[in-house]
1. About its Cα centre, how strong a charge dipole does the stretch 1-59 have in debye, to the nearest 20, once Lys and Arg get +1 and Asp and Glu get -1 at the Cβ?
2. In the chain, carbon and sulfur make up what percent of the accessible area (probe 1.4 Å)?
3. Compare the Cα positions of GLY141, THR122, VAL162 along the charge dipole of the stretch 104-173 (+1 at Cβ of Lys, Arg; -1 at Cβ of Asp, Glu; about the Cα centre) and return the one farthest towards the positive end.
4. Under a Cβ-only charge scheme (Lys and Arg +1, Asp and Glu -1), can you give me the dipole magnitude of the chain about the Cα centre, in debye to the nearest 20?
5. With every protein chain present, what is the per residue accessible area of the stretch 76-219 (1.4 Å probe, Å²)?
6. Using the Cβ atoms and a cut-off under 11 Å, what net charge is assigned to the surroundings of VAL194, where Lys and Arg are +1 and Asp and Glu are -1?
7. Looking at the square roots a ≥ b ≥ c of the eigenvalues of the Cα gyration tensor of the stretch 88-198, which shape do they give, rounded for a/c under 1.5, prolate if a/b is larger than b/c, or oblate?
8. Want the number for ARG52 to ALA117: 0.36 nm per residue separation, take away the alpha-carbon distance, what's left?
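The values are calculated or read from the model by the stated rules, or taken from the named source; none is laboratory data. What you see is a predicted model, and the numbers here were worked out from it, not measured in a lab. So basically every Cβ, Gly included, is an ideal-geometry build from the backbone, and we count neighbours across all protein chains shown. Accessible surface is based on the protein model in full, side chains and every heavy atom, while ligands, DNA and RNA are left aside. Shrake-Rupley method; radii C 1.70, N 1.55, O 1.52, S 1.80 Å.
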Amino acid sequence: MNCLSPSILSADFANLGEQIRLLDQAGAEYVHIDVMDGMFVPSISFAFPIIRSIRKCTDRIFDVHLMIEEPIRYIDDFVDAGADIITVHAEACRHLDRTVEAIREKGVLAGVALNPATPLETVRYILPKVDMLLIMTVNPGFGGQKLIPYTLDKVREAKNLVKQSGCKTDIEVDGGINLENVEQAMDAGANIIVAGSAVFKGEIEKNVEAFLEKLQRQG
């Protein structure tokens, strides 16, 4: 199933609650929340109080993407704040298997993200424990970047790896996704689509509806 996960990193923070309600009304299935610590990536973003406060605005799936060093330290806090899916970066975890297990033990879905240059082999053995594999299509840390073309080849390879493993792991793409290239991403094998500025620039509801039309057509 193809799903849209709008990234609120591109939202108007002064009207965040209202913009999340617009996503909800337009039919977006997920809300993508980028958490950055200023160490693993240069930027700093949302923390627990913000996630907890916007949790009251919607019952959509909170797709929490942790771009932080050693995220295992904060799994309990993000679950308590309302996360439904917690995705950690393989590059940021000293013990990736232990971190994924910690997420699963809390009863939420576990995702693993890979930066553009990180090889897929990194997740081969842990894939059966992973609900979602996030292929970064830009280098993490900033919104509004252009998709790196070779990452679509990586998505194809990830799709093949999932098939070979016999798993039902979702494949998410994040970075530079817009209405012009989203079909390429889905053709490559992605079924969870993160879009930030392409959703929040202009009329949110119309943008979401345009994405959903393409996702449903591909589905």
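1. That gives the stretch 1-59 a dipole magnitude of about 160 debye.
2. 48
3. Result: VAL162.
4. In debye, rounded to 20, the chain gives about 300.
5. Each residue of the stretch 76-219 exposes 46 Å² on average to a 1.4 Å probe.
6. That works out to -4.
7. prolate
8. Stretched fully, the ARG52-ALA117 segment lengthens by 20.1 nm.
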